[in-house]
Amino acid sequence: MTPLIIALPGNEVLAARLATAIGAQAAAAEFRRFPDGESYLRLHGEFSRRSVVLVSTLDRPDDKFLPLAFTAATAREMGASRVGLIAPYLAYMRQDRRFHSGEAITSRIFAAELSAIVDWLIAVDPHLHRISSLSEIYRIPTKTVHAAPLLSAWIGREVLLPLLIGPDQESAQWVSEVAHDAGAPFVVLEKHRKSDTEVEISVPDIARWRDHTPVLIDDIVSTGRTMIETLGQLRQAGMKPAVCVGVHAVFAGSAFDALRAAGAARIVTTNTIPHETNAIDVAQILGEAALTLF
Ligand code: R5P
């Protein structure tokens with residue numbers, strides 16, 4: 001039977017592309033808030049014995065989790081055989097250990113909650129650092145989709161003589177992969193995070209690449225501080241204005257304006273989170289992954 005796809009609010013464009021990619025039928029869902037702030041949800045369509053795919057990117061996750069839980073539960077009550085989730089950006093992947101006594105290890109708690117409401121999960125480049133794979137914390141089948149080939153292709157098409165720059169040692173592996181595919185050299189920086197909004201960056205000697213265009217690549221652009229600090233260091237080193245490429249356009253608060261003001265030549269992201277910088281489409285690779293989990 002044709003699978004059904006439901007776009008949670010804000011995910012309509014990507015969900016429509018995914019429906020085409022996987023041959024799914026869109027199911028209409030009405031979401032609204034009651035005056036007291038509680039959620040109202042109504043699903044339309046025939047769900048009996050159908051496989052259901054929910055599409056909900058999970059930046060600003062605290063507001064999105066309950067509507068997602070209500071949708072998954074209601075689809076099941078209406079007879080869905082399986083309910084999966086495509087979360088192009090998967091939240092709560094950074095607090096993966098207790099740094100100070102009493103802190104919540106939110107990645108584990110969130111993973112347990114999500115595992116309780118859906119049968120499978122697909123995400124694009126989740127922030128895997130101390131956790132090496134989603135299966136360490138999720139107890140449902142998961143699939144990680146990599147945007148690296150898409151970033152390489154974009155850089156290869158759009159940037160003449162690129163020098164790729166990764167933010168920290170943890171990024172070295174995937175930055176080297178993007179660089180290899182784009183046929184470009186790369187360097188990785190030393191990064192020290194002083195607080196949620198402060199980072200210290202040191203750039204190695206890159207004078208020999210002064211004729212190249214620096215391309216900063218990062219998985220998440222959140223406060224933008226990593227990229228902003230790096231832009232400053234590159235300017236001091238006499239490099240050309242840099243292109244900033246991020247997978248996930250989180251852009252907390254005024255981060256986007258601050259990054260523009262810091263002198264980025266161009267700011268580009270994938271469409272895992274809708275944003276005006278989206279220029280790299282992940283629908284096809286997400287669709288291919290979904291077809292393996294039905
Ligand atoms: C950190 O490990 C990530 O890869 C990013 O570098 C980080 O999330 C960027 O955050 P911000 O934009 O707040 O500097």
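Selection over region 202-226 of residues that are within 12 Å of the ligand (Cβ to nearest atom) and over 21 Å from residue 95 (Cα atoms) gives a count of 2. Residue 230 meets all of the listed conditions (1) over 23 Å from residue 9 (Cβ atoms); (2) touching a Ser or Thr at 6+ places or on another chain (Cβ under 9 Å); (3) of a type in the set (Ser, Thr, Tyr) but one, namely (2).
Just one of the listed residues (282, 250, 199) is under 20 Å from residue 169 (Cβ atoms) and of a type outside the set (D, E, K, R), namely 199. Among the residues of this structure, residue 242 counts as one that is small (Gly, Ala, Ser), touching a helix residue (DSSP H, G or I) at 6+ places or on another chain (Cβ under 8 Å) and at pLDDT 95 or above. None of 218, 196 is without any contact (Cβ under 8 Å) to a residue 60 or more places away in the chain, among the acidic types (Asp, Glu), closer than 23 Å to residue 57 by Cα and surrounded by 15 or more Cβ atoms within 10 Å (Cβ to Cβ) except 218. Residues of region 251-268 that are near the ligand (Cβ under 10 Å from one of its atoms) and buried (at least 21 other Cβ atoms within 10 Å of the Cβ): 251, 259. Selection of region 199-209 for residues being closer than 18 Å to residue 162 by Cβ and either exposed (fewer than 12 other Cβ atoms within 10 Å of the Cβ) or hydroxyl-bearing (Ser, Thr, Tyr) (or both) yields 204, 207, 208. Does residue 226 satisfy the criteria of being assigned to a loop (DSSP other than H, G, I, E, B) and touching a strand residue (DSSP E or B) at 6+ places or on another chain (Cβ under 8 Å)? No, not satisfied. Across region 227-245, what is the total count of residues that are more than 15 Å from the ligand (Cβ to nearest atom) and touching a residue at least 12 places away in the same chain (Cβ under 8 Å)? Of the residues in that region, 8 qualify. Can we say residue 135 is under 22 Å from residue 85 (Cα atoms), over 17 Å from the mean Cα position of the chain (by Cα) and free of Cβ contacts under 8 Å to residues at least 12 places away in the same chain? In short, yes.
The values are calculated or read from the model by the stated rules, or taken from the named source; none is laboratory data. As the structure is a prediction and not an experimental result, all values here were calculated from the model. When we count neighbours, we look across all protein chains shown, and the Cβ atoms used for this are built from the backbone with ideal geometry, even at glycine.
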